[in-house]
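Only one structure is covered here, and it is reproduced in the block below.
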Amino acid sequence: MDFCIGIRGNDFVLLCEDMNAAQSIMLHKQDHEKMLDLNDHLLMTRTGNLGDGVQCAEFLQKNIQLYQIRNGYEMRSSAAAHYIRKYLADTLRSREPLEVNLLLGAYDVISNTPQLYYMDYLGSMATAPFCAHGYGAMFATSILDMYYHPGISVDEAIGILNKCIKELKKRLIINFSKFNVKVVDKDGIHKLPTISVEDGIHTH
Amino acid sequence: MTSRYDRAITVFSPDGHLFQVEYAQEAVKKGTCAVAVRGADCIVLAVEKKAVAKLQEERTVRKIVQLDKHIVMAFAGLSADARVLISRARVECQSHQLTVEDPVTVEYITRYLAQIKQQYTQSNGRRPFGVSCLLAGFDKDSDTPRLYQTDPAGNYFEWKADAIGRSAKTVHEFLEKAYQDDLVADRVGTIKLAVKALFEVVQSGSKNMDVAVIAKDKKLEMLTTDEISKYVSEIEKEREEEAQRKKRGR
């Protein structure tokens, strides 16, 4: 029932997620932030089971922090991505499989490249210029196919995001009211204005 | 093959001593000196750098380590034992934050290390850790700097200023005489006192000293050799002047 989307530019990765916290038919919260900073240049968003998502994200965050304290430098984005993927793969065949699909937005400060990783609860991983999770992904991916081009700017990416959200409002049965948007670049993780559907999908 | 150890190594002597623990404390006294001074708004750790062998890379010898973003530790004694404790402490710092969402207090992590050390004085087949630690940092939502010390027995105390390792007693005596609250009211004063205290032991100067400053919400700052040299030359100058004054007589 959730939705998250990632768009990669030349020097940034933009991640957006819906802000619904729901359990079956009951909507608990409409301003719930799921995105988590794993370190200064690693941003993770997720869909799936709410509880599993929190467990997974916080556990990974603390382990990535531990790596930094132990070694004196940040865990590199590809190392972190592979570590996270392995964690999902290990839990899959354990007593407690985690029902979480992840999007990892990262900026590798050593090679100066942005990276976007798509992971699902079965432990598969792929890099992509843009990707999304959830029912909304079916609509968003088509729109991105049409409007995405390499070397996209942050403003253009937000424009495409707005197009996706407009489409979701029109054609998706699930009602999302707010979207949380964050961007990772060489200067770290920055929060962008929340996108609200009620006001006709303009950022405020 | 016995995987169970059935013999205790740390046992009481007839007159109530735990000799293994006392021997561990002797091992600490063999380690290079570490001094810590708590100022009004920072803590300064000054450690003696052992001279490295000619072919050895200097940067691989580290006596001041970070346990978490806000807690720093210096140790004296067996480096390999210290490595084990540091690893356990680092994991506990993250684990604590995972469970209760708050970063550890300095007292908590000190108590945690002290508990581990005590367990090793009361377990079969294990010997005590030959390490004393100085833990410095700030608690969340508090501007008060904190300094704690642990010893191989598993005791821990909070200190205003402390020294461990080689010649710690000499440095202690110096600090007891020299420490004044107004002397350590600012960063410069605190650094100066710490360097002065270490200077009692490390006569050879700044290239054999490592000085770290821990301030609230700031990254751990390691002073450069030049910065330390400046303090050392100031101290040497003051000493000269003091010696001259004494010679001329009051």
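The values are calculated or read from the model by the stated rules, or taken from the named source; none is laboratory data. These numbers come from a predicted model, not from an experiment. Backbone-built Cβ (ideal geometry, glycine too); neighbour counts: all protein chains shown.
Things to note:
- Test for residue B:6: is it within 14 Å of another protein chain (Cβ to nearest Cβ) and not in a helix (DSSP H, G or I): no
- Checking each residue in the stretch A:61-87 for being touching a helix residue (DSSP H, G or I) at 6+ places or on another chain (Cβ under 6 Å) and under 26 Å from residue A:136 (Cα atoms) picks out only A:84.
- Qualifying residue in the stretch A:7-25 (condition: touching an Asp or Glu at 6+ places or on another chain (Cβ under 6 Å), in a strand (DSSP E or B) and more than 14 Å from every other protein chain (Cβ to nearest Cβ)): yes
- Residue satisfying all of: in the stretch B:50-75; more than 14 Å from chain A (Cβ to nearest Cβ) and in contact with a strand residue (DSSP E or B) (Cβ under 6 Å, 6 or more places away or on another chain); surrounded by the most Cβ atoms within 10 Å (Cβ to Cβ) among these: B:75
- Number of positions in the stretch B:122-175 that are more than 23 Å from residue B:108 (Cα to Cα) and under 15 Å from the mean Cα position of the chain (by Cα): 8
- Close pairs from the stretch B:87-107: first closer than 16 Å to residue B:141 by Cβ and within 10 Å of another protein chain (Cβ to nearest Cβ), partner hydrophobic (A, V, I, L, M, F, W, C) and part of a loop (DSSP other than H, G, I, E, B), Cβ under 6 Å, at least 6 apart: B:96/B:104
- If you filter the stretch A:101-111 down to residues that are small (Gly, Ala, Ser) and surrounded by 19 or more Cβ atoms within 10 Å (Cβ to Cβ), you find that the one that is farthest from the chain's Cα centre (by Cα) is A:106.
- With respect to the conditions (1) within 10 Å of chain A (Cβ to nearest Cβ); (2) at pLDDT below 95, residue B:126 lacks only one, and its number is (1).
- Of the criteria (1) over 14 Å from residue A:18 (Cα atoms); (2) touching an Asp or Glu at 6+ places or on another chain (Cβ under 6 Å); (3) part of a strand (DSSP E or B), which one residue A:180 fails: (1)
- Beta carbons closer than 7 Å, at least 6 apart along the sequence or on distinct chains, never pair a first residue in the stretch A:1-12 that is touching a residue at least 60 places away in the same chain (Cβ under 8 Å) and farther than 17 Å from residue A:164 by Cα with a second that is of a type in the set (S, T, N, Q) and buried (at least 24 other Cβ atoms within 10 Å of the Cβ).
- Which numbered condition residue B:181 misses (of (1) among the acidic types (Asp, Glu); (2) in a loop (DSSP other than H, G, I, E, B); (3) surrounded by 13 or more Cβ atoms within 10 Å (Cβ to Cβ)): (3)
- Qualifying residues in the stretch B:195-234 (those that are assigned to a helix (DSSP H, G or I) and touching a Phe, Trp or Tyr at 6+ places or on another chain (Cβ under 6 Å)) - the one nearest to residue B:41 (Cα to Cα): B:195
- Unique residue being in contact with an Asp or Glu (Cβ under 9 Å, 6 or more places away or on another chain) and in contact (Cβ under 8 Å) with a residue 60 or more places away in the chain when the list is A:103, A:144, A:161: A:103
- Taken across the stretch A:136-151, residues that are touching a helix residue (DSSP H, G or I) at 6+ places or on another chain (Cβ under 7 Å) and among the small types (Gly, Ala, Ser) do occur, with at least one present.
- Considering the conditions (1) within 14 Å of chain A (Cβ to nearest Cβ); (2) under 21 Å from residue B:191 (Cα atoms); (3) in a strand (DSSP E or B), residue B:147 is excluded by exactly one of them, (1).
- Some residue of the stretch B:25-36 being away from chain A (no Cβ under 14 Å) and free of Cβ contacts under 8 Å to residues at least 12 places away in the same chain: yes
- Among the residues of the stretch A:46-100, those identified as more than 21 Å from the chain's Cα centre (by Cα), over 26 Å from residue A:21 (Cα atoms), more than 11 Å from chain B (Cβ to nearest Cβ) and in a loop (DSSP other than H, G, I, E, B) are A:73, A:93, A:94.
- For the stretch A:13-22, a residue qualifies if it is among the hydrophobic types (A, V, I, L, M, F, W, C), touching a residue at least 60 places away in the same chain (Cβ under 8 Å) and farther than 14 Å from residue A:130 by Cα, and exactly one does: A:19.
- Test: residue in the stretch A:60-69 that is touching a Leu at 6+ places or on another chain (Cβ under 6 Å), modelled with pLDDT of 95 or more and more than 21 Å from residue B:68 (Cα to Cα): no
- Boolean, residue B:29 is of a type in the set (Lys, Arg) and modelled with pLDDT under 95: no
- Number of positions in the stretch A:36-74 that are touching a strand residue (DSSP E or B) at 6+ places or on another chain (Cβ under 8 Å) and within 13 Å of residue B:94 (Cβ to Cβ): 8
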